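Student: First, the structure itself, so that you have it in front of you.
The values are calculated or read from the model by the stated rules, or taken from the named source; none is laboratory data. Predicted model, so just to flag it, every value in this text is computed and none were measured. Cβ coordinates were reconstructed from backbone atoms using ideal geometry, including for glycine residues, and neighbour counts include every protein chain displayed. Side chains included, ligands, DNA and RNA excluded: accessible areas come from the protein's heavy atoms. Shrake-Rupley method; radii C 1.70, N 1.55, O 1.52, S 1.80 Å.
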Amino acid sequence: MDTLEEEVLNELKPNSDTLKTLSVVSYGGTQISNWVGDRSFHELVNVSIRGCRKCKSLPPFGLLPSLKRLQIQGMDEVKIIGLELTGNDVNAFRSLEVLRFEYMSGWEGWSTKNEGSAAVFPCLKELSIINCPQLINVSLQALPSLKVLEIDTCGDGVLRSLVHVASSVTKLKISDVSGLTYEVWRGVIGYLKEVEELSIWGCNEIEYLWESEAEASKLLVRLKELRLQYCSGLVSLEEKEEDDNFGSSTSLLSLRSLDVRYCSSIKRLCCTKSIESLGIFYCSVITDVYFPKEGGNKLKSLRIRRCEKLEGKINNTSMPMLETLYIDTWENLRSISELSNSTHLTSLDIKRCPRVSLPELQLSNLTSLEIGKCENLESLPALSNLTSLSIWTCESLESLPELSNLTFLSISDCKRLVSLPELKNLALLKDLEIRRCRGIDVSIHGGRWPPKLCSLKLEGLKKPVSEWGDLNFPTSLVHLTLEDEPNVSDFSQLSHLFPSSLTSLEITGFDNLESLSMGLQHLTSLQHLYIDDCPKVNDLPETLLPSLLSLRIEECPKLKERCEGRGSHYWPRISHIPRIDN
């Protein structure tokens, strides 16, 4: 069989004048045909060799004059890659820009050194070595053009060897590098003077990134973005934290973005005063986040999630330039007084912070606010420029201020909330959702809806929609969702309420609805009909609207049975609909 596959591949040689992309996938032979790396393929730009698990060597891809992207994946029998890859050509890989080795389980050594040869990869910009756990010996010539280096699931020797010959790298990503202790990392960091983006993922043996901030500022001269994830042994960024000198003139001033996630041993995080974006997620033992004196002045984005032991405030900082704040599950948070000077804040999300209350902040430029599961929240400050507001499960909230610039409003599960801003005054509102707020009676607004309302969702209010009388929906309304209407048994009870402008109608949780035969016929613009969790409904109109483009039926066993398949009872009525889901 191996011989047969090799013969077939030999006979498949294409025209060398026109071939630009070549992929060999799951080839079963022990060697790849000589023509695959023939220099006569002068137009060949992309080559991918994947899953050729029996091949023990590689063709001389270095001879291809126009090759820009080369991927080699899943060649389990390849143990050593040497000069056969370059074809012993002193100008090998003259055009190659992207090189990827992936899932090479048997690969042990890689060498390109040859006396008298120039740089083997003169134009190489991106190099990725992914899941090559046996690779130990790497001996390459300089990679003068390399900008992006990715090393994943390899030993520390691969990293050490490559940073020695790739001094121009600006983006370095390392993941699951075994043996990467703090001592080993100290030997690597000295070669990263050009690195602007550094990502370290799943390196559990490293405890610190640098001895001190002063050292980091000398070695990581250009570092702008630092991302740390799943480094379970990481205790702190620096080994020697000196509060007196923190944030001094030797600070790591180039760093703009710091993101730390799932680092289960980090207890304290000291941030440089140049930070503009800070994210801390799922760091279960962190207690303190520090900025230098008068620090935090440049911070524009702050995101914190599931840091259960974090103290109730961020120390030593005000955040006058903050634009985005996202906080999720910060149990100890009581105050966000640091925001008192945040006149640039436009987006604020606070979720699952049971003790927090919003003071009378002057957030004049805030445009987006989402608050959920904040049990102590009783009121909101005046927010004159707010355009998007989402509130859910705030049990102490009783009222909302006037919010004349809103375009989106969503409120759910707020038990004490009994009133809304005057709807007719929400002149810009396009999307409105009110769900499971038993104290709210929208009918008291007398059908005076926002004049530009496009989308409306209603569920579980003080008075069922079927008892409201004439709703007088605006003609701008095109999407309507009604949920939890137990008093409706026949859809004709609601038909007079709906404007003919509707293009989408969703009916959910009508426990006693039995008939849809009447009530839809005047909706001449309706394109999408969704019926969900209506267990008793069992019929459709004699003639469904020709405008329908989709019909979706879920958790409606009786109706579903009559609509399922070409031989079903209702197939003649629904067969004209382009999309049917049931």
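Student: Going by what's in this entry, would A166 be described as at pLDDT below 95, open to solvent by less than 10 Å² (accessible area, probe 1.4 Å) and either closer than 20 Å to R222 by Cβ or among the hydroxyl-bearing types (S, T, Y) (or both)? Quick ask: steps written out before the conclusion?
Tutor: Working: at pLDDT below 95: yes; open to solvent by less than 10 Å² (accessible area, probe 1.4 Å): yes; either closer than 20 Å to R222 by Cβ or among the hydroxyl-bearing types (S, T, Y) (or both): yes.
Against the criterion (at pLDDT below 95, open to solvent by less than 10 Å² (accessible area, probe 1.4 Å) and either closer than 20 Å to R222 by Cβ or among the hydroxyl-bearing types (S, T, Y) (or both)), A166 qualifies.
Yes/no per residue for (1) in a loop (DSSP other than H, G, I, E, B); (2) over 24 Å from V235 (Cβ atoms); (3) open to solvent by 40 Å² or more (accessible area, probe 1.4 Å):
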{"position": "V158", "(1), (2), (3)": "no, yes, no"}
{"position": "E183", "(1), (2), (3)": "no, no, yes"}
{"position": "K193", "(1), (2), (3)": "yes, yes, yes"}
{"position": "N204", "(1), (2), (3)": "yes, no, yes"}
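Student: Hey, S410 hits all of (1) of a type outside the set (D, E); (2) crowded, with 17+ Cβ neighbours inside 10 Å; (3) touching a strand residue (DSSP E or B) at 6+ places or on another chain (Cβ under 6 Å) but one; which does it fall short on?
Tutor: With respect to (1) of a type outside the set (D, E); (2) crowded, with 17+ Cβ neighbours inside 10 Å; (3) touching a strand residue (DSSP E or B) at 6+ places or on another chain (Cβ under 6 Å), S410 is out only on (2).
Student: If P557 satisfies all but one of (1) closer than 21 Å to S495 by Cβ; (2) open to solvent by 70 Å² or more (accessible area, probe 1.4 Å), what's the number of the condition it fails?
Tutor: So the condition that P557 fails would be (1).
Student: Inside segment 33-45, can you point out the residues that are open to solvent by 20 Å² or more (accessible area, probe 1.4 Å) and within 18 Å of L96 (Cβ to Cβ)? Talk me through it step by step, then tell me what you get.
Tutor: First, the residues of segment 33-45 that are open to solvent by 20 Å² or more (accessible area, probe 1.4 Å): 34-35, 38-40, 42-43, 45.
If the condition is that a residue be open to solvent by 20 Å² or more (accessible area, probe 1.4 Å) and within 18 Å of L96 (Cβ to Cβ), then D38, R39, S40, H42, E43, V45 are the ones that fit.
Student: For residues that are open to solvent by 40 Å² or more (accessible area, probe 1.4 Å) and aliphatic (A, V, I, L, M), tally how many sit in segment 479-511. Lay out the reasoning, then the answer.
Tutor: Pass one, segment 479-511, residues open to solvent by 40 Å² or more (accessible area, probe 1.4 Å): 479, 484, 486-487, 489-490, 492-493, 496, 500, 506, 511.
Then drop every residue that is not aliphatic (A, V, I, L, M), which leaves none.
Residues that pass the stated criteria total 0.
Student: Select from segment 488-526 the residues that are among the polar types (S, T, N, Q), modelled with pLDDT under 85 and in a loop (DSSP other than H, G, I, E, B) and list them in ascending order.
Tutor: The first filter runs over segment 488-526 and keeps only residues among the polar types (S, T, N, Q), leaving 489, 492-493, 495, 500-501, 503-504, 508, 512, 515, 517, 521, 524-525.
Narrowing further to those that are modelled with pLDDT under 85: 492-493, 495, 517, 521.
Once the filter is applied, which keeps residues that are among the polar types (S, T, N, Q), modelled with pLDDT under 85 and in a loop (DSSP other than H, G, I, E, B), segment 488-526 yields S517, Q521.
Student: Within segment 149-174, how many residues are in contact with a Ser or Thr (Cβ under 8 Å, 6 or more places away or on another chain) and polar (S, T, N, Q)?
Tutor: 3
Student: While we're looking at this one, here's another question. Which ones in segment 453-482 are polar (S, T, N, Q) and touching a helix residue (DSSP H, G or I) at 6+ places or on another chain (Cβ under 8 Å)? If you could, list the steps in order and put the result at the bottom.
Tutor: To start, the set of residues in segment 453-482 that are polar (S, T, N, Q) comprises 455, 466, 472, 475-476, 481.
Passing the criteria: only S466.
Student: Inside segment 129-156, can you point out the residues that are outside any loop (DSSP other than H, G, I, E, B) and open to solvent by less than 10 Å² (accessible area, probe 1.4 Å)? Don't jump to the end; show me each part of the working.
Tutor: We begin by selecting, within segment 129-156, every residue outside any loop (DSSP other than H, G, I, E, B); these are 129-130, 137-139, 148-152, 155-156.
Residues satisfying the conditions are I129, L149, I151.
Student: While we're on this one: Exactly one condition in (1) of a type in the set (D, E, K, R); (2) modelled with pLDDT of 90 or more; (3) over 26 Å from L453 (Cα atoms); (4) open to solvent by less than 40 Å² (accessible area, probe 1.4 Å) is not met by R579; state its number.
Tutor: (4)
Student: Give me the residue from segment 311-331 that is at pLDDT 70 or above and of a type in the set (S, T, Y) and, out of that set, farthest from L363 (Cα to Cα).
Tutor: Once the filter is applied, the top-ranked residue is T329.
Student: For L325, state whether it is of a type in the set (A, V, I, L, M), assigned to a loop (DSSP other than H, G, I, E, B) and buried (at least 17 other Cβ atoms within 10 Å of the Cβ).
Tutor: So L325 does not fit the description; no.
Student: Name every residue in segment 431-456 that is in contact with a strand residue (DSSP E or B) (Cβ under 9 Å, 6 or more places away or on another chain) and under 21 Å from E398 (Cα atoms), in order of residue number.
Tutor: In the first step, residues of segment 431-456 are kept if they are in contact with a strand residue (DSSP E or B) (Cβ under 9 Å, 6 or more places away or on another chain); the result is 431-437, 440, 442, 449-450, 453-456.
Answer for segment 431-456, where residues must be in contact with a strand residue (DSSP E or B) (Cβ under 9 Å, 6 or more places away or on another chain) and under 21 Å from E398 (Cα atoms): L432, E433, I434, R435, R436, C437, I440, V442.
Student: Which is of a type outside the set (S, T, N, Q) and at pLDDT below 90, of E276, E242, E225?
Tutor: E242
Student: Working only within segment 359-376, note down all residues that are surrounded by fewer than 21 Cβ atoms within 10 Å (Cβ to Cβ) and either more than 25 Å from the chain's Cα centre (by Cα) or over 20 Å from L409 (Cα atoms) (or both). First the steps, then the outcome.
Tutor: Of segment 359-376, the ones surrounded by fewer than 21 Cβ atoms within 10 Å (Cβ to Cβ) are 359-362, 364-365, 367-368, 370, 372-373, 375-376.
Within segment 359-376, P359, E360, L361, Q362, S364, N365, E375, N376 meet the criteria.
Student: Could you pull out the residue among R435, R416, R334, R355 that is open to solvent by 70 Å² or more (accessible area, probe 1.4 Å) and within 29 Å of W468 (Cβ to Cβ)?
Tutor: Details: R435 fails: open to solvent by 70 Å² or more (accessible area, probe 1.4 Å); R334 fails: within 29 Å of W468 (Cβ to Cβ); R355 fails: within 29 Å of W468 (Cβ to Cβ).
After applying the criteria, what remains is R416.
Student: Oh, and also: Determine whether P122 is open to solvent by 10 Å² or more (accessible area, probe 1.4 Å), in a loop (DSSP other than H, G, I, E, B) and closer than 20 Å to L22 by Cβ. Write out each step before concluding.
Tutor: Numbers: open to solvent by 10 Å² or more (accessible area, probe 1.4 Å): yes; in a loop (DSSP other than H, G, I, E, B): yes; closer than 20 Å to L22 by Cβ: no.
When the stated conditions are applied, P122 does not pass them.
Student: Limited to segment 438-447, what total is found for residues that are closer than 24 Å to E506 by Cβ and open to solvent by 60 Å² or more (accessible area, probe 1.4 Å)?
Tutor: Adding up the residues that qualify gives 1.
Student: I've got another one for you. Which condition from (1) under 19 Å from N88 (Cβ atoms); (2) touching a Lys or Arg at 6+ places or on another chain (Cβ under 9 Å); (3) assigned to a loop (DSSP other than H, G, I, E, B) is the one that G29 breaks?
Tutor: All conditions are met except number (1).
Student: Scanning for something surrounded by fewer than 17 Cβ atoms within 10 Å (Cβ to Cβ), touching a strand residue (DSSP E or B) at 6+ places or on another chain (Cβ under 9 Å) and farther than 19 Å from L494 by Cα, does segment 530-539 turn up at least one residue?
Tutor: No, there is no match, as no residue in segment 530-539 is surrounded by fewer than 17 Cβ atoms within 10 Å (Cβ to Cβ), touching a strand residue (DSSP E or B) at 6+ places or on another chain (Cβ under 9 Å) and farther than 19 Å from L494 by Cα.
Student: Restricting attention to segment 464-475, and to residues there that are surrounded by 14 or more Cβ atoms within 10 Å (Cβ to Cβ) and under 19 Å from V488 (Cα atoms), which single residue is modelled with the lowest pLDDT? Don't jump to the end; show me each part of the working.
Tutor: First, pick out the residues of segment 464-475 that are surrounded by 14 or more Cβ atoms within 10 Å (Cβ to Cβ): 464-466, 468, 471, 473-474.
If we keep only those that are under 19 Å from V488 (Cα atoms) too, we end up with 464-466, 468, 471.
Values: P464: 82, V465: 81, S466: 78, W468: 78, L471: 74.
Among residues in segment 464-475 that are surrounded by 14 or more Cβ atoms within 10 Å (Cβ to Cβ) and under 19 Å from V488 (Cα atoms), the one modelled with the lowest pLDDT is L471.
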